[in-house]
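Working notes, beginning with the structure itself.
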Amino acid sequence: DAGVTQSPTHLIKTRGQHVTLRCSPISGHKSVSWYQQVLGQGPQFIFQYYEKEERGRGNFPDRFSARQFPNYSSELNVNALLLGDSALYLCASSSTTIRVGSGNTIYFGEGSWLTVV
Amino acid sequence: AQSVTQLGSHVSVSEGALVLLRCNYSSSVPPYLFWYVQYPNQGLQLLLKYTSAATLVKGINGFEAEFKKSETSFHLTKPSAHMSDAAEYFCAVTGTGAGSYQLTFGKGTKLSVIP
């Protein structure tokens, strides 16, 4: 079975531009989360979506937005890119939105590397 | 708020030696704890998770971790390091209540294995 798939794998953008990152969850998974991993740091939670609704948001500015589609795939959008947005963006899927770990595991994709110049 | 602290940003061990990666958590209620591994230029792979069923948790690739409430620790161990274990390891904890849908990660420990 296919795991969590993300696209594109690498991209370079200029400051001020907009970027859209895409994620397809594991088949049957209805929850998608987004994390940002800056070089040398652990991943930081950005959003969680379940059944097309935002269920959680981390401490990120409004330049960051996301949505989930009827097929449970998701997009992460970042507007007005800053140099500090350069990072690995990880998508994760899980079967439900219940408490993580209670028989519910989060599976990560390989990420999208964003470089802002 | 839930948090984890990983002691040592970089650990080096000889091939065949014991691997010990340290993680301490901060939580007012019993948490769920995880260890993930990240190989270069890849995403995160779950090694093991603690969900209160047993304090000693066995994971993949010969790794295990022991939950010690008295020490608020969840250290990761492997009896004998292999070259393929070289990677970055992240300890993570769930939030509680409204935050239970997200993972909070430590800063990571990079493991080097010396031949």
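The values are calculated or read from the model by the stated rules, or taken from the named source; none is laboratory data. Please read these numbers as outputs of a predicted model, since none were measured by experiment. Heads up, the Cβs are rebuilt from the backbone with ideal geometry, glycines too, and the neighbour counts pull from every protein chain shown.
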Q. Does any residue in the range A:1-29 that is closer than 19 Å to A:Arg67 by Cβ come within less than 8 Å, Cβ to Cβ, of a residue that is of a type in the set (Asp, Glu) and in a strand (DSSP E or B) six or more places away or on a different chain, and which pairs are these?
A. A:Thr20/A:Glu75; A:Leu21/A:Glu75; A:Arg22/A:Glu75; A:Cys23/A:Glu75
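Tally up the residues in the range A:37-78 that are of a type in the set (Phe, Trp, Tyr) and closer than 18 Å to B:Leu103 by Cα, please.
Within the range A:37-78, the subset of a type in the set (Phe, Trp, Tyr) is A:45, A:47, A:49-50, A:60, A:64, A:69, A:72.
Among the residues that remain, those that are also closer than 18 Å to B:Leu103 by Cα are: A:45, A:47, A:49-50, A:60.
Qualifying residue count for the region: 5.
Consider B:Ser27 carefully, then state whether it is of a type in the set (S, T, N, Q), within 14 Å of another protein chain (Cβ to nearest Cβ) and either crowded, with 21+ Cβ neighbours inside 10 Å or in contact (Cβ under 8 Å) with a residue 60 or more places away in the chain (or both). Even if it seems obvious, please write down each step before you answer.
On the way: of a type in the set (S, T, N, Q): yes; within 14 Å of another protein chain (Cβ to nearest Cβ): yes; either crowded, with 21+ Cβ neighbours inside 10 Å or in contact (Cβ under 8 Å) with a residue 60 or more places away in the chain (or both): yes.
Yes: the conditions hold for B:Ser27.
Tell me the strands (runs of 3 or more DSSP E) entirely within the range B:46-115 that contain at least 1 residues that are more than 13 Å from every other protein chain (Cβ to nearest Cβ) and touching a residue at least 24 places away in the same chain (Cβ under 8 Å).
Numbers: elements: B:56-58, B:64-68, B:73-78, B:87-94, B:103-105, B:109-114.
By residue number, B:64-68, B:73-78, B:87-94, B:109-114.
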Q: Sort out which residues of the range B:5-60 are in contact with a Phe, Trp or Tyr (Cβ under 8 Å, 6 or more places away or on another chain), among the aliphatic types (A, V, I, L, M) and within 28 Å of A:Thr5 (Cα to Cα), and write them in order of number.
A: B:Leu33, B:Val37, B:Leu44, B:Leu46, B:Leu47, B:Leu48
Q. Residues A:Ser65, A:Ser7, A:Ser86, A:Ser74: which one is touching a Cys at 6+ places or on another chain (Cβ under 6 Å) and more than 12 Å from every other protein chain (Cβ to nearest Cβ)?
A. A:Ser74
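Take the range A:52-81 and flag every residue that is of a type in the set (Asp, Glu) and free of Cβ contacts under 8 Å to residues at least 24 places away in the same chain.
Passing the criteria: A:Glu53, A:Glu54, A:Asp62.
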Q) In this structure, does B:Thr55 turn out to be among the polar types (S, T, N, Q) and exposed (fewer than 14 other Cβ atoms within 10 Å of the Cβ)? A) yes
Q | Residue, surrounded by the fewest Cβ atoms within 10 Å (Cβ to Cβ), within the range A:35-55, restricted to residues that are within 19 Å of B:Val37 (Cα to Cα) and either modelled with pLDDT under 90 or more than 10 Å from chain B (Cβ to nearest Cβ) (or both) | A | A:Leu39
Q: Please give the number of the condition A:Ser7 fails out of (1) surrounded by 17 or more Cβ atoms within 10 Å (Cβ to Cβ); (2) hydroxyl-bearing (Ser, Thr, Tyr); (3) touching a Lys or Arg at 6+ places or on another chain (Cβ under 7 Å).
A: (1)
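Name the strands (runs of 3 or more DSSP E) wholly within the range A:32-117 that hold at least 2 residues that are touching a Lys or Arg at 6+ places or on another chain (Cβ under 8 Å) and under 24 Å from B:Pro31 (Cβ atoms)? Lay out the reasoning, then the answer.
On the way: elements: A:44-50, A:53-57, A:64-68, A:74-78, A:87-94, A:112-116.
Here the list reads A:44-50.
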Q: Only one of these is in contact with a Pro (Cβ under 9 Å, 6 or more places away or on another chain) and either at pLDDT below 95 or acidic (Asp, Glu) (or both): B:Thr94, B:Thr55, B:Thr51. Name it.
A: B:Thr94
